[in-house]
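None of the figures in this text is laboratory data; all of them are computed from the coordinates on show. Nothing here was measured: the structure is a model prediction, and the numbers come from that model. Quick reminder, even Gly has a Cβ in these numbers, built from the backbone with ideal geometry, and neighbours come from all protein chains shown.
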């Protein structure tokens, strides 16, 4: 006991920068060690006693590198390029990385700093200029905190706040007040207040932040990259401005980027490619703000292209784009930030010379841009212009882009998973045990514990590792192993190169698999077209993975013996392969197919599996459906009648998981009970204690603790929520794993272990299974992934589907919980889909999912896409009804609104000159009216007087109708057109009509569409404006009168937000609220103050105001709403269409009345309609003959008059040639 004192010099450096705290408890001994490595100038202190107050150890990760390796910068002890992620050594103790030019740096969790690669100027800090191809330690210090790398120099801070530099020093980039190179760390000044450093990428300047928030710069200053308002180099740190509000910075070759604490983004330096984000190419030598937003969260970027994240998780890019590094699916440079895709799930960004990298919140890594040296990690040298996922699973934590290489850290704890075991029939080496011997008890395959999923086919086993690689073993007669040959394998061999596989399923001798980019691939036996690549025939097969089409919309797969299924991300079900036996494809016939064809029109499928000649599927509403052969009651429909289309099994909506064998089926309910049906007369595989076939589901025992199921050809296995494994049915090859070959007709436990997970399959007399290593502590599951939300069929509901986590934690997942944001509304299930009810219609929601096992609950998944349960809306029409354009089942005119049908599920409507288009909440597209020239898109020319669905797709988001032409945008961003293509108005090559939707180009970047009398306008997701079609008055906006039959960009700006086409004029609003017009100007319809009819063939600003919010164009007039709620009109005033109380034309915008309560404007040929903020509907203009104003008469009006008394109108139709009107109201 007693008081003790220990003293040491204040100059002693302690790990973590914090001195130890002495123990106060009697009898406790504190041990301290002091060490010097430079003759006593600097001392390092180490404490071995209790209560040492050092900062927590840094998180430890594995280190990976790929790309250019010619100077050893990949750290692989060689100078070989790598085009896929390759681990640097085997250690798992790396914590931070830096790599920009021809060398790389990383700190370890112990605070030491390591370097490798080129050492031309001493940048490796080894006291020489010898390059290294493996990591070597920088000095003996263990106190490094932050690191940054320039082209040939290094910056670093220590935990004591000192700043250090070494390497090349031309232009004074080391901050030493000279230009002498250093090959060892040299302190910059004497201050201890430095917090963060950044180097000029592949350039020659340096940046640093102090703890007080001030920003400092030094080195080369061409283009003003230092931000000091000049171009004079500095060889010592100089403060940038006087503010102390900087929070983050980054450097590229000729630029600097920084964030302030208020969330604003600032750049300076070179601007040749618009990389400063100023919508110009003017260099800046002082910081200039990018836009006005204060929602920027983090920054990064390459030599000429910055990248940035916003606080909402969206990713933005701008600048040079010659190799697609901006991720816009093109190579067009941008001088203002443009969003990369539409997702809001990004967490980190980095850029190389001409490539880009980003992490999502789910830990996946994505790359795009230049790939000549392989820095994207895809196993090839092909550039990408949109983000593509890099293999390696979902465990990436940190990224850094080198000039032509990439460094990344990975969390190995997220990859720890299960061992792979096999037992049963061993012929062809299907068990993966290196021989062909049968096993009647589980035997481990190899020694690894990184397996995530397994599937078995007739004579094969395939398994997926947590790094995204697929491995196969067993019979390879028809190339079923996917290895490019027909040689059998008795041990696992990797399929293909890149580790980007996500999930798979199998048939008898073929395999189906999806990659992380949602592409679909298949290989193996293909006699019946089951591979799905459009080929097939006797003795045909594919021995390597073959992509099925080009779509990136596949979510999951299912395989029968010789037929295949796929479910897309939109919930639609597709089938191909053999149907000639019993209609097992579900298409109502027995025709074999070699390419995917949709099964029905529904988009509510969640899971599909298949037996030998029958199929089983689960919908998101919890119902189970079956079809195909039914000899022994396989379909569970209570009879033995075959079905060639899906039929529901019973009426229950509580099914959560399905599986099947060759002739029997299994299903779990949400209450954890297990049910079976089909054939049992062979071996008792139904598990109900006998060998009697069942044609309806029967419960297996009475327990409600089942968590997973597996069907073999004649045997069954299942896992309970406690992790125990049970098996029953045929056992002649030991496939039950009970150590014998005795059949069982009731569940019997396999061994005594309680950390099992199951594979899937239906054809092999063997069983592969996953086992969490018994010596490894079980944990809560990993996070569910791929969470997708869609609007539910019921009001206030959403359907959420997801993929189970790679890691179950060693115990089966027994519960998933879906939680909404906002509101925290939850739904629970034991499957991988759920319907969340009780949501507020009209409110946008995202959803997260957690997984629970007996150990605990996982962290929440990344948020889903946003969905908005729609407010129920009815559709109403009035006016001219020739050809049935009102959709009321007849051709009689209506002068008052009449409801179209009884549905409350309409979301959008567009009125053409003679036809109408509308979209429902479920994404289906409907048309009616005149059918001439294929206006309706129904494949013929017949008119329809009631709504008819266009195709079966459920992915339509926006529509526009013109004079004989129709356009639609799908949720995937593709643009489609149909109808009359005269004057090129459809945007399709050739002057002939289209009677079904045809895609306009191949891009998937369209956001808005407007159709008119002969021309069309559209915007892309990047804010650019495009047009095509008739151009006799310059309405296409190309500064000429040349017709265009394909989309052409109007100018180069990417700031357009709203569009409207008049008969032969065009209107558009920019993001800054300015209004622009072009085309014919007779009557002053352009609003430019000249009514003499001077046309404009390029956009001209209407006035100088920046407060325009909404627009519509008619036959010769225009209407607009401002942000203050006022409504304005101009152009021809005949028949009172301007609403100004007369029929006088106006050549400049004139306010209609004095009210500030207008919210939406619509209209047609010579009439106008508008909605006020109180939901009332008003109309004015021409009404003679057709009653298009909806006022119950045919009298023209020159001032707004209310239509009826309802105050629930929400959406109006727009159509410059329409003499009929539509509106939606709640």
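Worth pointing out:
- Taking 7 Å steps out from each Cα toward its Cβ at residue 435 and residue 494 produces label points 2.8 nm apart.
- Peptides 509-516, 240-247 ranked from most to least packed, by the mean per-residue count of other Cβ atoms within 10 Å: 509-516, 240-247.
- Viscosity 0.890 mPa s, temperature 25 °C, Stokes-Einstein D of segment 533-572 from Kirkwood C-alpha radius, µm²/s: 205 µm²/s
- Spin-label model, residue 946/residue 703: points 7 Å from Cα along the beta carbon direction are separated by 5.4 nm.
- Here the alpha carbons of segment 873-1001 define both size measures, Rg and Dmax, at 13.7, 41 Å.
- Förster radius 25 Å - calculated FRET efficiency between residue 178 and residue 286 (Cβ-Cβ, nearest 0.05): 0.40
- √(5λ) per eigenvalue of the Cα gyration tensor, segment 62-413, largest first, Å: 26, 26, 18
- Using C-alpha pairs below 8 Å separated by at least 6 residues, the relative contact order for the chain is 4 percent.
- Translational D in µm²/s for segment 718-813 (Stokes-Einstein at 4 °C, 1.567 mPa s, Kirkwood Rh from C-alpha pairs): 83 µm²/s
- Taking packing as the residue-averaged number of other Cβ atoms within 10 angstrom, the listed peptides 1046-1055, 296-305 run from highest to lowest as 296-305, 1046-1055.
- For the peptides 184-196, 661-673, the ranking by packing is 661-673, 184-196, with the highest mean count of neighbouring Cβ atoms within 10 Å listed first.
- Our summary of shape: the Cα atoms of segment 583-656 have principal axis extents of 34, 29, 17 Å, ordered from largest down, in whole angstrom.
- Relative contact order (%) - segment 582-621, alpha-carbon pairs under 8 angstrom, separation at least six: 35 percent
- Computed over the chain, the percent of Cα pairs more than 57 Å apart is 27.
- The alpha carbon convex hull volume per residue for segment 934-1043 rounds to 95 Å³.
- A Förster distance of 51 Å, applied to the separation of the beta-carbon atoms of residue 448 and residue 1098, puts the FRET efficiency at 0.20.
- Burial ordering of 1005, 1100, fewest other beta-carbon atoms within 10 Å first: 1100, 1005
- Each principal axis of the Cα cloud of segment 874-1225 was evaluated for its coordinate range; sorted largest first, these ranges are 47, 46, 29 Å.
- In Å, descending, principal axis extents of the Cα set of segment 614-773: 42, 30, 24
- Rounded if a/c under 1.5, otherwise prolate or oblate - segment 271-330, Cα gyration tensor axes: oblate
- The alpha carbon centroids of segment 521-563 and segment 642-678 are separated by 26 Å.
- Estimated distance in nm for a label pair at residue 691 and residue 590, the labels positioned 7 Å out from Cα along Cα-to-Cβ: 3.0 nm
- The gain in end-to-end length when the residue 1124 to residue 92 segment is fully stretched comes to 365.6 nm, 0.36 nm per residue minus the alpha carbon separation.
- Taking one quarter of the surface of the C-alpha convex hull of segment 456-547 gives a mean projected area of 5.2 nm².
- Kirkwood Rh in Å, taken over segment 1079-1208 so that all alpha-carbon pairs contribute: 14.6 Å
- As an equivalent ellipsoid, segment 883-932 spans semi-axes of 18, 14, 9 angstrom, where each value is the square root of five times an eigenvalue of the C-alpha gyration tensor, largest first.
- Over every Cα atom in segment 261-370, the radius of gyration and the widest Cα-Cα span, Dmax, amount to 12.8, 39 Å.
- Distance from segment 937-961 to segment 1082-1156 (C-alpha centre basis), Å: 33 Å
- Kirkwood Rh and Cα Rg combined as Rg/Rh, segment 516-595: 0.96
- q = 0.13, 0.14, 0.19 Å⁻¹, segment 785-852: log10 I(q)/I(0) [Debye, one scatterer per Cα]: -0.34, -0.39, -0.68
- For segment 874-1225: relative contact order, % (alpha-carbon pairs under 8 angstrom, 6 or more apart): 14 percent
- Whole-number D in µm²/s for segment 1168-1226 (Stokes-Einstein; Kirkwood sum over Cα pairs; 10 °C, 1.306 mPa s): 138 µm²/s
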